[in-house]
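Visitor: Got a structure for you, written out below as structure tokens; questions coming shortly.
The values are calculated or read from the model by the stated rules, or taken from the named source; none is laboratory data. Please read these numbers as outputs of a predicted model, since none were measured by experiment. In this analysis, Cβ positions are derived from the backbone assuming ideal geometry, glycine residues included, and neighbour counts consider all displayed protein chains. SASA here: full protein model, heavy atoms, side chains in, ligands and nucleic acids out. Shrake-Rupley method; radii C 1.70, N 1.55, O 1.52, S 1.80 Å.
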Amino acid sequence: MARYEINGGKSLQGTVTVSGAKNAAVAILPAVLLVSGKCHIENVPNISDVHILLDILREMGAEISLEGSSVTVDCSHVRSSRPDANLVRKMRASYYLMGALLGRCGKAHVALPGGCNFASRPIDQHIKGFIALGADVDESDDYVALEPGENGLQGGRVSLDVVSVGATVNIMLAATLLPGQTVIENAAKEPHIVDLANFLNTMGARISGAGTDTVKIRGVKELHGGSYAIIPDQIEAGTYMAAVAAAGGNVLVQNVIPKHMECITSKLQEMGAKVTNYDDAIRIQRAGKLRCTTVKTRPYPGFPTDMQAQICVCMSLASGVSRLTESVYETRFFGYCTELQSMGADILITGKTAIVTGREKLTGAVVSAHDLRAGAALVIAGLAAEGTTIVENTHFIERGYESIVEKLSALGADIRRIE
């Protein structure tokens with residue numbers, strides 16, 4: 001099992017280039033199942049979640065060619081509606097295969113997914129959507145099986161009880177090839193929802209309203225092949241910005257969409273970082289002491305839950321008392337706060353809120369990543385800490401960050417990967 005060894009206390013300087021968005025890639029790759037013909041997708045991140053999805057598609061009969069950050073996928077020969085359960089259980093976003101296969105085959109039998117374990121992440125809103133489209137659902141502890149109901153599959157109206165990125169994606173995938181119109185109310189608005197809609201529309205879908213509360217999908221008979229480039233990763237960019245805020249330095253973060261970053265940059269600026277926006281890059285600088293702040297995670301355009309752990313590290317080094325409230329996955333604190341406390345952080349958890357009293361320094365320790373974003377936070381803490389930090393369970397981090405060790409090393413960090 002690999003681990004990272006980090007000798008902290010070095011400020012970060014230079015330029016880092018952000019990869020394609022993980023959350024967009026893991027939605028767009030299942031969407032390729034809906035396409036008749038070859039899809040050429042660029043800016044695909046080189047991360048383990050992507051490789052697992054490609055393995056799933058390959059096992060189902062897809063022809064795949066991977067070259068650098070570009071992948072060409074042809075699903076013409078896919079006949080199965082039952083992907084390999086062992087592969088499906090290796091990642092959370094494999095549940096998007098439910099919607100994609102329901103749309104392609106009219107049925108699906110998909111094992112319940114694995115991935116990061118910081119919250120139960122129920123799929124009740126996904127199921128509600130499938131039922132609204134006319135599917136019969138057989139759900140067990142191990143799998144979800146979808147079949148056409150008595151009146152067949154067709155467009156329908158779905159009002160989500162809570163804003164759910166996963167349910168919004170799955171309903172979009174299932175509805176794209178169904179007759180009639182599907183309306184999703186209280187839809188998620190995240191950038192990768194818009195990216196998925198743009199991908200599908202490029203291939204011939206008729207989807208409007210992505211990025212708003214109401215998404216409308218007018219079913220089409222088929223999608224054609226084509227080329228598409230995935231958007232930059234908002235969370236990867238935010239992670240490197242948080243690293244500079246915590247460790248100090250001056251870094252140009254390239255290949256970003258500054259509009260997507262506003263919810264993150266505004267909080268870092270509140271804490272004392274200097275942020276300069278360019279057309280497709282952001283410069284972040286931090287020389288003085290960070291200031292305390294208050295953050296509450298919310299669905300986009302609010303502060304993302306996937307940046308909660310990283311901003312907590314910054315709070316641990318800020319003057320004063322910060323408050324961090326989690327409104328999406330309320331058990332998320334327990335994946336990393338104990339690890340930060342072992343490094344000297346002063347964090348008190350009361351219900352959904354962490355009260356963080358800033359310290360002058362963190363101290364290196366042996367810590368363990370419990371999930372993807374918790375692992376990223378521990379890396380940031382190691383960069384800012386005095387002494388040596390060992391981060392274990394790095395396979396979680398490599399699910400969503402391409403070449404993180406190499407990118408940080410290029411910024412002057414003393415970090416290496418040890419097998």
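Visitor: State all residues of the stretch 210-249 that are touching a strand residue (DSSP E or B) at 6+ places or on another chain (Cβ under 6 Å) and under 24 Å from E42 (Cα atoms); if no residue qualifies, say none.
Guide: Across the stretch 210-249, the qualifying residues are E222, L223, H224, G225, S227, Y228, A229, I230, A237, Y240.
Visitor: Go through T353, T363 for me and flag whichever is in contact with a strand residue (DSSP E or B) (Cβ under 8 Å, 6 or more places away or on another chain), modelled with pLDDT of 95 or more and open to solvent by 50 Å² or more (accessible area, probe 1.4 Å).
Guide: Sole residue among the options that is in contact with a strand residue (DSSP E or B) (Cβ under 8 Å, 6 or more places away or on another chain), modelled with pLDDT of 95 or more and open to solvent by 50 Å² or more (accessible area, probe 1.4 Å): T363.
Visitor: Please enumerate the residues belonging to the stretch 203-227 that are over 19 Å from the mean Cα position of the chain (by Cα) and more than 22 Å from G180 (Cβ to Cβ).
Guide: G225, G226, S227
Visitor: Can you give me the number of residues within the stretch 158-177 that are open to solvent by 10 Å² or more (accessible area, probe 1.4 Å) and either under 16 Å from V35 (Cα atoms) or out of contact with any helix residue (DSSP H, G or I) (no Cβ under 7 Å at 6 or more places or on another chain) (or both)?
Guide: Residues flagged as open to solvent by 10 Å² or more (accessible area, probe 1.4 Å) and either under 16 Å from V35 (Cα atoms) or out of contact with any helix residue (DSSP H, G or I) (no Cβ under 7 Å at 6 or more places or on another chain) (or both) within the stretch 158-177 amount to 3.
Visitor: Condition first: open to solvent by less than 10 Å² (accessible area, probe 1.4 Å), within 18 Å of S36 (Cβ to Cβ) and in contact with a Phe, Trp or Tyr (Cβ under 7 Å, 6 or more places away or on another chain). Now tell me which residues in the stretch 201-246 satisfy that.
Guide: none
Visitor: Looking only at residues that are open to solvent by 10 Å² or more (accessible area, probe 1.4 Å) and in contact (Cβ under 8 Å) with a residue 40 or more places away in the chain in the stretch 45-62, which one is nearest to A175 (Cα to Cα)?
Guide: The qualifying residue nearest to A175 (Cα to Cα) is I52.
Visitor: Across the stretch 233-274, what is the number of residues that are assigned to a strand (DSSP E or B) and in contact with a Leu (Cβ under 6 Å, 6 or more places away or on another chain)?
Guide: Final tally of qualifying residues: 2.
Visitor: Here is a follow-up. Among the residues of the stretch 20-28, are any touching a Phe, Trp or Tyr at 6+ places or on another chain (Cβ under 6 Å), open to solvent by less than 40 Å² (accessible area, probe 1.4 Å) and assigned to a helix (DSSP H, G or I)?
Guide: Within the stretch 20-28, one or more residues are touching a Phe, Trp or Tyr at 6+ places or on another chain (Cβ under 6 Å), open to solvent by less than 40 Å² (accessible area, probe 1.4 Å) and assigned to a helix (DSSP H, G or I).
Visitor: Within the stretch 64-93, how many residues turn out to be assigned to a loop (DSSP other than H, G, I, E, B), open to solvent by 30 Å² or more (accessible area, probe 1.4 Å) and either among the basic types (K, R) or more than 14 Å from L33 (Cα to Cα) (or both)?
Guide: So the count comes out to 7.
Visitor: Just checking, which of D141, D136 is at pLDDT 95 or above, surrounded by fewer than 16 Cβ atoms within 10 Å (Cβ to Cβ) and not in a helix (DSSP H, G or I)?
Guide: Values: D141 fails: at pLDDT 95 or above.
Of the residues listed, the single one that is at pLDDT 95 or above, surrounded by fewer than 16 Cβ atoms within 10 Å (Cβ to Cβ) and not in a helix (DSSP H, G or I) is D136.
Visitor: Of all residues in the stretch 355-371, which are of a type outside the set (A, V, I, L, M), out of contact with any Asp or Glu (no Cβ under 7 Å at 6 or more places or on another chain) and free of Cβ contacts under 8 Å to residues at least 60 places away in the same chain?
Guide: Listed by number, the list holds a single entry, E360.
Visitor: Within the stretch 258-299, can you find the residues that are β-branched (V, I, T) and surrounded by fewer than 18 Cβ atoms within 10 Å (Cβ to Cβ)? Spell out how you get there, then give the answer.
Guide: Of the stretch 258-299, the ones β-branched (V, I, T) are 264-265, 275-276, 282, 284, 293-295, 297.
Once the filter is applied, which keeps residues that are β-branched (V, I, T) and surrounded by fewer than 18 Cβ atoms within 10 Å (Cβ to Cβ), the stretch 258-299 yields T276, T294.
Visitor: Then there's this: Residues that are surrounded by 23 or more Cβ atoms within 10 Å (Cβ to Cβ), modelled with pLDDT of 95 or more and part of a helix (DSSP H, G or I): does the stretch 33-41 have at least one?
Guide: Yes - at least one qualifying residue is present in the stretch 33-41.
Visitor: Taking the condition in a strand (DSSP E or B) and at negative phi, does I193 pass?
Guide: no
Visitor: All but one of (1) touching a residue at least 40 places away in the same chain (Cβ under 8 Å); (2) farther than 24 Å from G249 by Cβ; (3) part of a helix (DSSP H, G or I) hold for A374; which doesn't?
Guide: Of (1) touching a residue at least 40 places away in the same chain (Cβ under 8 Å); (2) farther than 24 Å from G249 by Cβ; (3) part of a helix (DSSP H, G or I), only one is false for A374: (2).
Visitor: Within the set of pairs 6+ apart or on separate chains, which have a first residue in the stretch 407-419 that is over 15 Å from A376 (Cβ atoms) and touching a residue at least 60 places away in the same chain (Cβ under 8 Å), a second that is surrounded by 14 or more Cβ atoms within 10 Å (Cβ to Cβ) and of a type in the set (K, R), and C-beta atoms under 7 Å apart?
Guide: Qualifying pairs under 7 Å: G412/K10; D414/K10; I418/R3.
Visitor: Return the residue satisfying two criteria in turn: it lies in the stretch 375-401 and is open to solvent by 40 Å² or more (accessible area, probe 1.4 Å) and touching a Ser or Thr at 6+ places or on another chain (Cβ under 6 Å), and of such residues it is nearest to A318 (Cα to Cα).
Guide: Result: E386.
Visitor: Of (1) crowded, with 19+ Cβ neighbours inside 10 Å; (2) in contact with a helix residue (DSSP H, G or I) (Cβ under 8 Å, 6 or more places away or on another chain); (3) modelled with pLDDT of 95 or more, K189 satisfies all except one. Which?
Guide: Every condition holds for K189 apart from (2).
Visitor: Looking at the stretch 1-24, I want the residues that are at positive phi and in contact (Cβ under 8 Å) with a residue 24 or more places away in the chain and have a partner that is open to solvent by 10 Å² or more (accessible area, probe 1.4 Å) and not polar (S, T, N, Q) with Cβ atoms under 7 Å, at least 6 apart or on another chain. Which pairs are those?
Guide: Qualifying pairs under 7 Å: G9/E386; G14/A410; G14/G412.
Visitor: A further question follows. Do we find a residue being more than 19 Å from I235 (Cβ to Cβ), open to solvent by 10 Å² or more (accessible area, probe 1.4 Å), without any contact (Cβ under 8 Å) to a residue 24 or more places away in the chain and assigned to a helix (DSSP H, G or I) anywhere in the stretch 104-116?
Guide: no
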